[in-house]
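One structure below.
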Amino acid sequence: MKNEIIITAPGHKGTLERLQNEFSAVKLWEAPDRDAALKSASGFRGLAHFGHMRVDGKLMDALPGLEIISNFGVGVDQIDLDAAKQRKIIVTNTPDVLNDCVADCAMALVLNTLRKFPQSEAYLRAGQWVGKGPYPLCTSLGGKVLGVLGLGRIGEAIAKRAQAFGMTIRYHNRNKKNVTYPYDKDVVELAKNSDVLVIVTPGGAETAKLVNAKVLDALGPDGYLVNVARGSVVDEPVLLKYLQEKKIAGAGLDVFADEPRVPEAFFKLDNAVLFPHVASATVETRKAMGDLQVENLHLHFAGKPVKTPV
Ligand code: NAP
Ligand code: 8YV
């Protein structure tokens, strides 16, 4: 008999197919009556989670048999980890397999934000090259300081890439690491010392609005912000105002506070490059994430330790 799981939301196609083939699955988002679906799954031991929906204590209580929440993605800010711990529910995520892709995306944002490649291409496509002449000069990466806020698995992959572009690295974490990069004691100090500040911390309550007006003031009118972490880490209305008033030079953003809704005022900015949360969005990486999500469920049901507990 197949092990029973509940799937919270639609997600990566290949992974959904695997989950439905390899387990007996209830798809919560398709249930005409959500409460009845949860009741029918009350004895289920596994839950596979995709996306932004909150997995809170209330949902966990509706599934009293729950032993494991297997998340698709490394960020688990949408899961109430304290509630899971209280109920002795294991939470797993999909770290490491996406480091390279997310770091590539961060570098694309650094490149595009400083060099304005999307804006210069739009200039050409709009036929302005002929009439207005060459596109205005922008800023080089080489010789600039890249400050990494959150030098973890992905942050280290970004630092490695940025060095190959001739940038120098500094960082801030809560804990100093055994690395050769200079450490800044707080985020304001890091912003002050950086030309480009890249955010790669987890989201959630502890980092909410960590990048605020004080940090952006420290970054200054020649500084750039790149965010591949979570929109919640930035005070978004303040960032918008700083971009509109050119109090920072520019921003490259893969993540937003209320995805997929992005305040329209961002669309009008010439000094921002905006991606729709695509950092891990390649065929290879999304498959690897899904395989890990599925593997954690199988390991748990086989009575073995999961591969990537949070
Ligand atoms: P990780 O290895 O755990 O690294 C996170 C780093 O942030 C750690 O070095 C941690 O160091 C630091 N940190 C945590 N809280 C902090 C705080 N309050 N102030 C300063 N530094 C703090 O995680 P990862 O695998 O690199 O992933 C990082 C995040 O990227 C994920 O949680 C996710 O939200 C985001 N992400 C986004 C995408 C995307 O598609 N855009 C894809 C993957 C991941 P200390 O513990 O010493 O502070
Ligand atoms: C995904 C992510 O876009 O891993 C994360 O934390 O943000 C991304 O890899 C997301 O998890 C898929 O919805």
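Pairs are defined by a Cβ separation below 7 Å, a sequence spacing of at least 6 or placement on different chains, a first member in the range 279-291 that is under 16 Å from residue 48 (Cβ atoms) and more than 8 Å from ligand 2 (Cβ to nearest atom), and a second member that is of a type in the set (S, T, N, Q) and part of a helix (DSSP H, G or I); the pairs so defined are 290/15. For the range 115-141, the set of residues classified as closer than 17 Å to residue 271 by Cβ and either in contact with a strand residue (DSSP E or B) (Cβ under 7 Å, 6 or more places away or on another chain) or of a type in the set (Lys, Arg) (or both) consists of 115, 116, 118, listed by residue number.
Any residue at all in the range 195-205 that's within 13 Å of ligand 1 (Cβ to nearest atom) and open to solvent by 70 Å² or more (accessible area, probe 1.4 Å)? Steps first, please.
Within the range 195-205, the subset within 13 Å of ligand 1 (Cβ to nearest atom) is 197-205.
This time we only want the ones that are open to solvent by 70 Å² or more (accessible area, probe 1.4 Å), so: 202, 205.
Yes, the conditions are met somewhere in the range 195-205.
Residues that are open to solvent by less than 10 Å² (accessible area, probe 1.4 Å), within 29 Å of residue 193 (Cα to Cα) and within 16 Å of ligand 1 (Cβ to nearest atom) number at least 3 in the following strands (runs of 3 or more DSSP E) confined to the range 47-158: 145-149. Please verify whether the range 11-23 includes one or more residues that are in a loop (DSSP other than H, G, I, E, B) and open to solvent by 80 Å² or more (accessible area, probe 1.4 Å). No; the residues of the range 11-23 include none that is in a loop (DSSP other than H, G, I, E, B) and open to solvent by 80 Å² or more (accessible area, probe 1.4 Å). Among the residues of the range 91-113, is there at least one that is within 16 Å of ligand 2 (Cβ to nearest atom), in contact (Cβ under 8 Å) with a residue 12 or more places away in the chain, touching a Phe, Trp or Tyr at 6+ places or on another chain (Cβ under 9 Å) and more than 26 Å from residue 216 (Cβ to Cβ)? Checking the range 91-113: at least one residue is within 16 Å of ligand 2 (Cβ to nearest atom), in contact (Cβ under 8 Å) with a residue 12 or more places away in the chain, touching a Phe, Trp or Tyr at 6+ places or on another chain (Cβ under 9 Å) and more than 26 Å from residue 216 (Cβ to Cβ). Number of residues in the range 253-278 that are away from ligand 2 (no atom under 16 Å from the Cβ) and either hydroxyl-bearing (Ser, Thr, Tyr) or in contact (Cβ under 8 Å) with a residue 24 or more places away in the chain (or both): the value is 8. Does the range 140-158 hold any residues that are closer than 19 Å to residue 112 by Cβ and not polar (S, T, N, Q), and which are they? Once the filter is applied, which keeps residues that are closer than 19 Å to residue 112 by Cβ and not polar (S, T, N, Q), the range 140-158 yields 141, 142, 143, 144, 145, 146, 147, 148, 154, 157, 158.
The values are calculated or read from the model by the stated rules, or taken from the named source; none is laboratory data. A quick note: this is a predicted structure, and the numbers were derived from the prediction, not measured. For neighbour counting, all protein chains shown are included, and Cβ atoms are generated from backbone atoms with ideal geometry for every residue, glycine included. Surface accessibility is based on the protein's heavy atoms, side chains included, excluding ligands, DNA and RNA. Shrake-Rupley method; radii C 1.70, N 1.55, O 1.52, S 1.80 Å.
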